[in-house]
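These notes concern the structure reproduced below.
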Amino acid sequence: MKESINDTTTTYPTLDAIFLAAERLRNVITHTPLMHNLQLSEQFGANVYLKREDLQIVRSYKIRGAYNKMANLSEEALAKGVVCASAGNHAQGVAYACRKMGVKGVIFMPTTAPAQKVKQVGMFGKEWVSIQLVGDTYDDAYHAAMAYREEHDATFVHPFDDVQVMEGQGTVGLEIFKDADFKIDYLLMAIGGGGLASGVSTVFKQLSPKTKLIGVEPLGSPTMHKAIEEGHVLTLEHIDKFVDGAAVRRAGNITFEVCKQNLDNIVLVPEGKVCSVILQLYNEQAIVAEPAGALTVAALDFMKEEIKGKNVVVLIGGGNNDITRTEEIKERSLLYEGLKHYFIIRFPQRSGAFREFLDVLGPEVDITRFEYTKKTNREQGPALVGIELRQRGDLAPLLQRMDEGRIAYEYLNDQPDLFQFMV
């Protein structure tokens, strides 16, 4: 019987079971490195170490929980096959486990899942898995997977709200604890449904109780933060799905209880900041992090005063980033940094009007988008104009010059109903 947190009817992950999971996974997964990062350490005045689960065999920690769950199933259950729902990383973990164990699996993914992740699922699972693309969200894929489970009596491998999945993820915490030859003051880990945070926090609450355990969520998908704030699990009506590996509408019931008790804080990070960090990690350190993987590194900027002089471990959970998303990542980063701005400019329909506009902008402003169609209206010719600045502080002087130059404009960045069509 597993130890319980608040009652005797619900089971929760235990340290002993996580040690057993580590033995089970010994010849299956990669023991990923815990690496001191000089650049981030200098940037934040702390000793920053990265736990590189982006270097895991399926480029994320998800293989740990998926394999541990399946390895605990009976031969009868395995013969009936498994089914899962996932936006990508969990699907890859289940696929690899199916291939490794010789078990048939059906994997439901939303149609919005990055193409790179869909392809990787097929590559890891080979002939052992069937991929079904269903709906626009994880929830759509989940409902389809549950219907399949009922019809075929297959075992559902939950991406987070399953004790054996949490215990598999908890092996990340064991590796961190064993490899750290220093006192860990802070440990940062991303939260989607809460499986990773539940497993890792179970390890550290017992082996290193003075370590502050910090969960990190996207600002547009604050699922666990809201649940803890309200005191119960709830379903968010609208979420930003950009950080696809950590964007779920509802946290797990079990993970909620574990995270509520174990975590010291949850930091919310804007998606635009995540994009800036993805680019920084790639350009400056050759680290390919997916949005959910960069989430924890992005959180450091919101904790910089708190972590000064401390030993900080940051768990990079995954590196399955789709290169086709690069332009969107750059755009979101520029917008967050205050460098990209959109306007509707109403040009007088006379020669020289555009030249006058360029003179007002000045040489340090780069026009990155210009859409104009001459209208039958003789007085006005509206154009959509996107501009990029060199630094955030250049916007106010630009607006002043436009006002003094009597440029008729409408600023779009602060109008979400219109702005959603730009990005």
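Values quoted throughout were computed directly from the atomic coordinates according to the rules given, and no laboratory measurement underlies them. It should be emphasised that the depicted structure is a prediction, and the values quoted were computed from it without experimental measurement. Here Cβ is always computed from backbone atoms with ideal geometry, including for glycine, and neighbour counts include all displayed protein chains.
Assigning unit charges at the beta carbon (Lys, Arg +1; Asp, Glu -1) and nothing else, what dipole magnitude in debye, to the nearest 20, does segment 67-156 show about its Cα centre?
460
Using θ = phi - 60° and the Karplus curve 6.51 cos²θ - 1.76 cosθ + 1.60, what whole-Hz ³J(HN,Hα) does each residue of segment 354-364 get, with Gly and Pro shown as x?
Once rounded to whole Hz, the list reads 5, 4, 5, 5, 5, 5, 5, 4, x, x, 8.
Which lysines have a Cα less than 25 Å from the Cα of Lys260, not counting those fewer than 8 places away in the same chain?
Straight-distance partners of Lys260: Lys2, Lys51, Lys62, Lys69, Lys183, Lys205, Lys210, Lys212, Lys226, Lys241, Lys304, Lys310.
Gly381's amide H: which non-local residues (gap 5+, or another chain) put their own amide H closer than 5 Å, with H modeled 1.01 Å from N in plane and none for Pro or chain starts?
Correct list: Phe347, Gln349.
Compute the signed sum of charges (Lys and Arg +1, Asp and Glu -1) over the other residues within less than 12 Å, Cβ to Cβ, of Leu389.
-2
Write down the Kirkwood hydrodynamic radius of segment 268-423, to one decimal in angstroms, obtained as one divided by the mean of 1/r over all alpha carbon pairs.
This gives a value of 17.9 Å.
Between segment 126-148 and segment 317-356, what is the separation of their alpha carbon centroids in Å?
35
Sum up the charges of everything whose Cβ sits under 14 Å from the Cβ of Thr223, counting Lys and Arg as +1 and Asp and Glu as -1, but leave Thr223 out.
Once positives and negatives cancel, what remains is -3.
Enumerate the amide H contacts of Ala190 below 5 Å, restricted to partners 5 or more residues apart or on another chain; note that Pro and chain-start residues carry no placed amide H.
For Ala190, whose amide H was placed from the backbone, the distant partners under 5 Å are Val216.
Cut-off 10 angstrom, C-alpha nodes, Gaussian network model of the chain. Which of Gly81, Gly386, Gly352 fluctuates the most?
For the chain, modelled as a Gaussian network with Cα springs under 10 Å, the answer is Gly352.
Name the shape class, rounded, prolate or oblate, that the alpha-carbon gyration tensor gives for segment 67-156, where a ≥ b ≥ c are the square roots of its eigenvalues, rounded holds for a/c under 1.5, and otherwise prolate holds if a/b is larger than b/c and oblate otherwise.
It is oblate, given that a/c is not under 1.5 and a/b is not larger than b/c.
Among Ser276, Ser86, what is the fewest-to-most ranking by other Cβ atoms within 10 Å?
Ranking Ser276, Ser86 by Cβ neighbours within 10 Å, fewest first, gives Ser276, Ser86.
Apply the Debye scattering formula to segment 338-419, with a single equal point scatterer on each alpha-carbon and no solvent, then give log10 I(q)/I(0) at q = 0.16, 0.20 Å⁻¹.
Reported log10 I(q)/I(0), two decimals: -0.59, -0.93.
Sorting Thr11, Thr296, Thr137 on the 10 Å Cβ count, fewest up front, what's the list?
Thr11, Thr137, Thr296
For the chain, what size does the Cα cloud have along each of its three principal axes, sorted from largest down, in whole Å?
80, 53, 39
Compute the semi-axes of the equivalent ellipsoid of segment 1-156, taking the square root of 5 times each eigenvalue of the Cα gyration tensor, and list them largest first in whole Å.
Working through the eigenvalues yields semi-axes of 29, 22, 16 Å.
Applying the Karplus parametrisation 6.51 cos²θ - 1.76 cosθ + 1.60 with θ = phi - 60° to the phi angles of segment 211-228, what ³J(HN,Hα) value in whole Hz is obtained for each residue in order, glycine and proline being reported as x?
Once rounded to whole Hz, the list reads 5, 7, 9, 10, x, 10, 10, x, 4, x, 8, x, 4, 6, 4, 5, 4, 5.
For Asn320, enumerate residues with amide H under 5 Å from its amide H, sequence gap 5+ or separate chain, H modeled in the peptide plane.
Sorted by chain and number, the residues that satisfy this are Glu290.
When only DSSP loop residues count, what GluC sites (Glu not before Pro) in segment 233-335 have their Cβ near at most 12 other Cβ atoms within 10 Å?
Glu237
Antiparallel versus total DSSP beta bridges in the chain: what percent is that, nearest 5?
Roughly 45 percent of the DSSP beta bridges within the chain come out antiparallel.
Only counting other Cβ atoms within 10 Å, I'd like Thr14, Thr202, Thr368 sorted with the fewest neighbours first.
Placing the least packed residue first, the sequence is Thr368, Thr14, Thr202.
Net charge around Ala77, counting only other residues with Cβ within less than 14 Å of its Cβ (Lys, Arg = +1; Asp, Glu = -1)?
Once positives and negatives cancel, what remains is 0.
How big is D for segment 294-359, in µm² s⁻¹ as a whole number, if Stokes-Einstein is applied with the Kirkwood radius of its Cα pairs at 4 °C and 1.567 mPa s?
D = 79 µm²/s.
Rounded to two decimals, what is the ratio between the C-alpha radius of gyration of segment 80-239 and 2.2 N^0.38 Å?
It is 1.13.
Based on the Cβ-Cβ distance of Ile344 and Asp240, what FRET efficiency does E = 1/(1 + (r/R0)^6) give at R0 = 30 Å, to the nearest 0.05?
Working from the Cβ atoms, E equals 0.75.
Angle check, please: helix 115-125 long axis (alpha carbons) against the longest principal axis of the chain (alpha carbons), in degrees 0 to 90, nearest 10.
Once rounded, one gets 20 degrees.
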